[in-house]
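To keep things clear, I will list the structure first and then write my remarks on it.
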Amino acid sequence: MQFFSPERIEKTKELARDGKPFIFDDGDIRTLHFNEHVVQSAMRLSAPDELVILYTQMMSRFLALHPEPEHILLIGLGGGSLLKYCYRQLPAARITVLESNADVIALRDCFMIPPDDARLQVLHVDAVPYLEQMAAASVDVILLDGFDADGAPQALRSRNFVSDCKRVCASRAY
């Protein structure tokens, strides 16, 4: 898939609205954007649980270090690629997703993200104060995938936030 062809950029530019997330369908591929320059997430409509982008494929490699996590904390929902992959591939794992952008959460059904249940919880919260309040060693894996229209927010790159991630992660495979 050529995500950045001139034709595709022109079409997505028409949909961009002041950093609000939007969807673009191109054949069998649905993408999530904040602007025409960055693809936040991609999904194959015919295989919605497949990891389409190399970046998400690489993020799933945490399984080499922790093949059977009990609790996964995913920071950033996006189009739900990592969430759907973990939900299907790890049926015993509990997954908590922290997403600060209500507009992203509103697109949940468009990306075929399963509804909340006993194993899955998508929360509309800011990850920084949420982690500050979490108990030590309360998750096995943290997948940090939080982005906005400008990239990775500074708050998710701060020394204090990284310290909180280390504190709440029971796994020492980082």
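With +1 on the Cβ of every Lys and Arg and -1 on the Cβ of every Asp and Glu, and nothing else charged, how large is the dipole of segment 78-137 about its Cα centre, in debye rounded to the nearest 20? That gives segment 78-137 a dipole magnitude of about 340 debye. Backbone amide hydrogens, once placed in the peptide plane, bring residue 71 within less than 5 Å of 94, 140, 141, excluding anything fewer than 5 places away on its chain.
Quantify, in whole percent, the carbon and sulfur part of the accessible surface of segment 92-155 (1.4 Å probe; protein heavy atoms only). Walk me through the numbers before you get to the answer.
On the way: 1710 of 3220 Å².
Carbon plus sulfur share of accessible area: 53 percent.
Entry comment: accessible area of segment 50-169 is 50 Å² per residue, from protein heavy atoms only and a probe of 1.4 Å. Across segment 9-17, computed HN-Hα scalar couplings (Karplus, 6.51 cos²θ - 1.76 cosθ + 1.60, θ = phi - 60°) run 4, 4, 5, 6, 4, 5, 8, 5, 9 Hz from first to last residue, x flagging Gly and Pro.
Multiplying the residue separation of residue 46 and residue 149 by 0.36 nm and removing their Cα-Cα distance gives an extension gain of 34.3 nm. Excluding the site residues themselves, the longest part of the chain lacking any GluC sites (Glu not before Pro) in a DSSP loop with at most 15 other Cβ atoms within 10 Å is 71-174. For segment 1-101, the antiparallel share of DSSP beta bridges with both residues in that region comes to about 70%. Which of 51, 15, 74 ends up with the largest GNM mean-square fluctuation for the chain, with Cα atoms connected below 10 Å? Greatest mean-square fluctuation among the candidates belongs to 15. Full extension of the chain between residue 110 and residue 58 yields a length gain of 16.3 nm, computed as 0.36 nm times the residue separation minus the alpha carbon distance.
If the only charges are +1 at each Lys and Arg Cβ and -1 at each Asp and Glu Cβ, what is the size of the charge dipole of segment 25-174 around the Cα centre, to the nearest 20 debye? Display every interim value, and only then the final one.
Working: 13 positive and 20 negative charges, 125 e Å.
Dipole about the Cα centre, nearest 20: 600 debye.
Taking each residue as 0.36 nm, the span from residue 159 to residue 25 lengthens on full extension beyond its C-alpha to C-alpha distance by 44.4 nm.
The values are calculated or read from the model by the stated rules, or taken from the named source; none is laboratory data. None of these values were measured; they are calculated from a predicted model. With ideal geometry, Cβ positions are generated from the backbone for all residues, glycine too; neighbour counts draw on all protein chains shown. Please note that ligands, DNA and RNA were not included when accessible areas were found on the heavy atoms of the full protein model with its side chains. Shrake-Rupley method; radii C 1.70, N 1.55, O 1.52, S 1.80 Å.
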